[in-house]
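Okay, so here's the structure we're looking at.
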Amino acid sequence: MSWAVEEWKEGLSPRVLQKIHELESQVDKLKKERQQRQFQLESLEAALHKQKQKVENEKNEAATLKRENQSLMELCDSLEKAKQKISHDLQVKESQVNIQSGQLNSCKRDIEKLEQELKR
């Protein structure tokens with residue numbers, strides 16, 4: 001069948017045949033260049049898709065970390081409030097202990113005085 005393709009060229013001058021050959025070479029070269037660019041385009045599209053996927057994954061991870069951070073901050077606030085309450089309770093109890101210790105000392109002195117009075 002290639003002989004039929006070449007048949008139309010019969011009878012053309014060498015100069016025209018040369019020009020046709022140059023144009024056919026240029027067409028072949030452009031076809032190869034187009035294939036290469038198509039391959040590059042497909043490669044770039046694949047890389048872009050991969051990058052978009054990566055960005056999406058990182059966004060999801062960032063959102064997860066943000067939620068986790070918020071949860072931890074709330075936990076810290078809760079623990080800080082509990083610590084303050086416990087600290088306050090401790091101060092109240094220490095104050096009560098000091099008062100009772102003072103009362104105990106006072107009672108001991110009173111007992112000692114009473115014991116001394118009894119001895120007399």
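Heavy-atom accessible area per residue, the chain, 1.4 Å probe: how many Å²?
Computed with neighbouring chains in place, this is 98 Å² per residue.
The angle between the Cα long axis of helix 14-119 and the longest principal axis of the Cα atoms of the chain comes to about 0 degrees, rounded to the nearest 10.
For Ile20, Ile111, the ranking by accessible surface with the largest value first comes to Ile111, Ile20, using a 1.4 Å probe. For a straight C-alpha distance cut-off of 28 angstrom, the lysines reachable from Lys59 (same-chain residues fewer than eight places away being disregarded) are Lys50.
The values are calculated or read from the model by the stated rules, or taken from the named source; none is laboratory data. Keep in mind that what you see is a predicted model, and the values were worked out from it rather than measured. Side chains are part of the model used for accessible areas, which takes the heavy atoms of the whole protein and leaves out ligands, DNA and RNA. Shrake-Rupley method; radii C 1.70, N 1.55, O 1.52, S 1.80 Å.
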